[in-house]
Amino acid sequence: MKKRILIVDDEERIRKVYKRFLYAVSIKLYDVTDTADAEEATECLIRHQFDLVILDLRMAGVDGRELFAIIKECNPQQKVIVASVYPIDRQRRMVPAADDYFDKADGPIRLLEAVTRNMA
């Protein structure tokens, strides 16, 4: 059975890149869903079980920190990788309880490494 990943990012281009990349390198491993905002992500999380959430911090409306708190309140065991243009040390200060962190400037290979670490 494929593991499920939810990508939450308000930039469509970023979502498409992540989704295509994860699909291309791990077609038999992961089923990837993407959402553009906290409301859509919350609906997905209510309706479906995900093994991992890749969460942008800077989004219009409800930002990633607020959504992270909602996710953990509803499911404390949910694994979340914070993904942002902020350096990782700043991400850690902003969301200290995340399972992992990804600096978008590091490229998709680093994202795959973070995903692989958190799917074990």
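Give the number of residues within the stretch 59-83 that are touching a strand residue (DSSP E or B) at 6+ places or on another chain (Cβ under 8 Å), among the hydrophobic types (A, V, I, L, M, F, W, C) and at pLDDT 95 or above.
Final tally of qualifying residues: 7.
Check Asp37, Asp10, Asp31 and return the single one that is surrounded by 13 or more Cβ atoms within 10 Å (Cβ to Cβ) and over 19 Å from Met94 (Cβ atoms).
Asp31
Among the residues of the stretch 1-60, which ones are more than 12 Å from the chain's Cα centre (by Cα) and assigned to a strand (DSSP E or B)?
Answer for the stretch 1-60, where residues must be more than 12 Å from the chain's Cα centre (by Cα) and assigned to a strand (DSSP E or B): Lys3, Tyr30, Asp31.
Report every pair of residues separated by at least 6 positions or lying on different chains whose Cβ atoms are under 9 Å apart, first residue within the stretch 77-90 and touching a residue at least 24 places away in the same chain (Cβ under 8 Å) and over 17 Å from Val53 (Cβ atoms), second among the small types (Gly, Ala, Ser) and part of a helix (DSSP H, G or I).
Val85/Ala105
Inspect all residues belonging to the stretch 67-83 and state whether any of them is surrounded by 17 or more Cβ atoms within 10 Å (Cβ to Cβ) and of a type in the set (Asp, Glu).
no
Any idea how many residues of the stretch 100-120 are touching a Lys or Arg at 6+ places or on another chain (Cβ under 8 Å), assigned to a helix (DSSP H, G or I) and hydroxyl-bearing (Ser, Thr, Tyr)?
So the count comes out to 0.
The values are calculated or read from the model by the stated rules, or taken from the named source; none is laboratory data. Remember, predicted model here, so these are calculated numbers, not experimental data. Positions of Cβ are generated from backbone atoms using ideal geometry, with glycine treated the same way; all protein chains shown enter the neighbour counts.
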